[in-house]
Structure formats: C-alpha cells, structure tokens
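Q: Can you keep this structure in mind? I'll have questions shortly.
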Amino acid sequence: MAIIIGSTVGAGVFSLPQNIASVAGPGAMFIGWVVSGVGMLSIAFVFHILARRKPHLDSGVYAYVRAGLGDFIGFASGWGYWLGSVIAQVGYATLFFSTVGYYVPGLSGTNPLGLAIAASALTWVVFAVLAVGVRQAAILNAVTTIAKVVPILAFIVLTAFLGFSWETFADDFWGLEADSVGGVFDQVQGIMLFTVWVFIGIEGASVYSRQARSRRDVSRATVIGFLSVLGLLVAVSTLSFGVLSQDELAALPDNSMASVLEAVVGPWGGALVSAGLCISVLGAYVSWQMLCAEPIMLMATDGLLPKFLSKVNRRGSAWSAQLASTIVIQAIIVVFYFNETTYIQMVQLATVLYLVPYLFSALYLLLLAVRGRGLATQAGVDLRGPTIGAKDNRIHGLVGLLALVYSLWLFYAAEPRYVLFGCLAILPGLVPYVWTRRRRGEQVFNPFEWFVLALVVAAAAAGVWGLAAGTLTL
C-alpha cells in the first residue's frame, strides 16, 4: 500500500482543482473518476497478472511488450516511457519553481527564462547527487512521502468543515454554463489525461510481488492502496468545486490547491499547501530522475540500445544512463522555454507517451489469455510461465480486454496533436536502435515492425507539417 501511495501521489494532485475545472464541471468529473478508477485499476492488475504469468520478465514495463510483440515494439514502448519520464521531470521543475516564485521574485510564471535557468541548475545538481549514489535519494523520498500527505489531509479536513458550500457545488453541476468546456461527453473526454497523470506509477507495485508472502496479499494491497489514492484525489477535486466556481477554479495558477485553501482559511493555508507541494515535487524530482535512467539502462542491457548505457559505477549508480537522461532533460527545458510550453501541455504530452506501454501490455495479456499458457519469443529461453487454470485465464482475459479498451479510449480522448508529437518523439530513438541492431548482426525490422514503423513515421510527418504550417503548436 505504501509503495502505491508513495509512487502515485506526487505533483499532479496539487494542480488537480485547476486542471479538472478547466475542462469539466462536477457532474462530468464524477463520471470521469468512475471511468478512470475502473480503467486504471485494470491496468494495475495487468502488470500484477503479468508478473505472475511471466516471472522471468523483470526488465521493467517494456519487457512484456517486447516478449509479446517483438523487439521494435518493445523498444518503442520503453523509449516512450523514458521520454514521458523525462518530460514529466521538466513539468515537475516548472511547477516547483512556479510555486517558489510566489515567495521569491524572478521565479514566477511570468519569467520563463528564470524558470528555465533554475530548472536546469536543479537538474544538474540532482545528477551530481545520483552519480555519487542512490542512498541520499532513497532517504529524501521516504521523508517526502510523509511530508506531502500531511498538507493534502489538512486540505481535505479544513475545506470539508470550513469552506465547502453545497450551493456553490451544485451551481451549474454539469458545467454547461462554464466557458468553453462543451457538453458532458466532451468534458469527460477532456478530463481523461489529467486523471491518468495523477495515477502514473500505479504499475510500480507489481515489481515487488515476488517478495510478498502470498499473491493474495499483493492483490489486496493493490486494491486498498489504489482506492486510498482514488479517495484522496476525488476528495480534493470534489471539495474544490464547493469552495470556488468552475470558472474561478479554471483561472487559478498551477498550484491551485494552495489557492483553494487560501480562499478558505487565509494566506497561511496557501503557504501550508505550497510548502507541501515544494517538498513533494522536490522528492518526486529526485526519485523520478533516478528512475528515468532505468528504461534505457535495461534496454541497453537487453541489447536494444548501445551497451555503454548499461554501465553501473561501484556505488550502484547507472551514471551513463543518468547522464544521457540529464542531457535530454536539459535539451527539453531549452525547447520548452523557446516554445513557452505550459505545465498542462507537458502533462498531456508525457501522459500520451506513458500510454504506449500500458496499451501494449494490456494487449499482451489478452494474447496470453486467448492462447493459454503463454508465448515464448526469445530464442533459447522458456518464458511461458506457470500453467494457468481455465477460470483464472478467463478473468485475466477480461482484465486485459478492459485495460486495452480503456487505453484505446485514452488515445482517443487525447488531443490529436499530442499523439502526433508522441510519434515524432519516438523517431530519434531509431538512430541508436538501428545502429545497435546492425552492430549485433540482428534483423532490424520484421514485416510487422516495418508496418508499425510506417504508421509512426506518417504520424510524425503530419506533426512536423502541422508545426511548419503553424496549424499545430507544442
């Protein structure tokens, strides 16, 4: 339970009131949470079931995609997951310094150059810490897990008893009078990627399933931990609609939870939440920059990327993968600075990239359930896993189907430009991937992978054309 709560409750919850109010009213919000709750729980169980059926696949979330759909699709999933983490890092830094800028002149959202310089400095300082070792990051993450939950609970209690108004909450319940949010279906569609963003990391608990006394313990922890996080998120977003109107919430800055509590109890409430956000985001920044290196390090170990990216120093730090990730984070900070990219835009793009391994992992589980025991695709290695009973197999198939449908719905709900930009982001990874495959004397693409590559290139070309023509913006 602690693993799930610690990995999912991060920066997203602090900006949730503004994010949701910008696209939906209270009624559509509840529908969106029901859809997201069922969908994300199914995705969490996809990784839990795959850990049971494929105990030998321990190279991160992309390993299941690679086993089921081949090296290139697995690589594209791992690369997308890595880039999503990198972009999320830039989003974390932007939100952190925007909040600090409330108290420190020169770091406000009106000074993007100052934010870019500060985010760059933080990125390289964290790299220096991680290059020495990971113990410092682990200690900081443990402290911030507690520190970030306290202001959230304080927000819920104070807002519920001191600031919530049923009249404010019920006014325009379906959001039909708000500015530019559309009908209820459009509102539910708009809320999807924000709700996924706050659940990113829910798959992390399956990594530790082998250390549990029983698989039933893992299932119970997954359900209870997930419902605990869902309860926190629904409470924060619901109570906010009872304090300020939808239009007022939509106009708040990124750290909107602080503004809501400040409207209830005064400036000290905003300061409390802002302090919690800074601690939470700083801890998340350190831990996720550490995790950023994992996908490319694992792919390098598996022979999908150059071998030097798999190097680990004597202190256990994957310093070469850390360095590569830090350089890319720095490059994205510069690109986003010149494009004046907002925190919300970073969230949308990162979430689309995270969806790639979610989608293909759900498809892999569905294939396993349809075909029975398992698939063995790596030469000389039996990865079929344990025998699964007919009843469990049917349940696994239903879970995989539900997660697959939900993932496809999320791609549909995303703005098309982010899907196009996501495909464009995958293309640079082809250079080290093709070079590595040729150096190892292996086939670069099979016929199915050529087809998928053609779709990715076509979508990326459409994104480039839109950027050049000015019809799309990042």
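The values are calculated or read from the model by the stated rules, or taken from the named source; none is laboratory data. Note that the coordinates shown come from a computational prediction; the quantities given were computed from them, not determined experimentally. As a convention, Cβ positions derive from the backbone with ideal geometry for all residues, glycine included, and neighbour counts pool all protein chains shown. For the accessible areas, the whole protein counts, side chains as well, though only heavy atoms, and no ligand, DNA or RNA atoms are used. Shrake-Rupley method; radii C 1.70, N 1.55, O 1.52, S 1.80 Å.
Q: Restrict the search to segment 291-334; then list the trypsin sites (Lys or Arg not before Pro) that DSSP places in a loop and that have at most 12 other Cβ atoms within 10 Å of their Cβ.
A: The qualifying sites are Arg314, Arg315.
Q: Which aspartates and glutamates, if any, have their Cα less than 18 Å from the Cα of Lys54, not counting same-chain residues under 8 positions apart?
A: Asp71, Glu203, Asp302, Asp382, Asp392
Q: Oh, and also: Give the range of the longest stretch in the chain that excludes all GluC sites (Glu not before Pro) found in loop regions by DSSP and having at most 11 other beta-carbon atoms within 10 Å.
A: Values: sites that count: Glu340, Glu442.
That gives 1-339 as the longest site-free run.
Q: Give me the Debye-computed log₁₀ of I(q)/I(0) at q = 0.08, 0.09, 0.14 Å⁻¹ for the chain, equal point scatterers on Cα only, no solvent, two decimals.
A: One equal scatterer on each Cα of the chain leads to -0.46, -0.59, -1.51.
Q: If you roll a 1.4 angstrom probe over the protein chains with everything in place, what fraction of the accessible area of the chain belongs to carbon and sulfur, to the nearest %?
A: Carbon plus sulfur share of accessible area: 67 percent.
Q: Using the Kyte-Doolittle scale, find the helices of the chain whose mean hydropathy is at least 0.0 and whose Cα atoms extend 18 Å or more along the helix's long axis, counting only whole DSSP H runs.
A: Working: long enough: 26-53 (40 Å, 1.34); 71-100 (43 Å, 0.95); 112-132 (30 Å, 2.18); 135-158 (36 Å, 1.65); 184-197 (21 Å, 1.14); 215-241 (39 Å, 1.16); 267-301 (51 Å, 1.21); 319-339 (30 Å, 1.45); 343-371 (43 Å, 1.58); 390-413 (34 Å, 0.84); 447-469 (33 Å, 1.76).
Qualifying helices, which must be both long enough and hydrophobic enough, are 26-53, 71-100, 112-132, 135-158, 184-197, 215-241, 267-301, 319-339, 343-371, 390-413, 447-469.
Q: Let me ask you something else. Can you compute the FRET efficiency between Val34 and Val125 using 1/(1 + (r/R0)^6), with r the Cβ-Cβ distance and R0 = 35 Å? Round to the nearest 0.05. Mind dumping the intermediate values first?
A: Working: r = 42 Å, r/R0 = 1.19.
Efficiency, rounded to the nearest 0.05: 0.25.
Q: Here is a follow-up. Give me the number: length gained by fully extending Leu323 to Val104, i.e. 0.36 nm times residue separation minus the C-alpha to C-alpha distance, one decimal in nm.
A: 75.9 nm
Q: Can you give me the accessible area per residue for the chain, using a 1.4 Å probe, in Å²?
A: 42
Q: Counting pairs of alpha carbon atoms under 8 Å apart in space and at least six apart in sequence, what relative contact order in percent does the chain give?
A: Here the relative contact order equals 30 percent.
Q: Could I ask something else about it? Assuming 0.36 nm per residue, please report the length gained on full extension of the stretch Phe173 to Phe308 beyond their Cα-Cα distance.
A: Length gained, Phe173 through Phe308: 43.0 nm.
Q: Can I ask one more? Which of rounded, prolate or oblate describes segment 246-293 when judged by the alpha-carbon gyration tensor and an a/c cut-off of 1.5?
A: Oblate shape, in that a/c is at least 1.5 and b/c is the bigger or equal ratio.
Q: What's the FRET efficiency of Thr301 with Asp186 using the Cβ-Cβ distance as r and R₀ = 56 Å, to the nearest 0.05?
A: The computed FRET efficiency comes out at 0.80.
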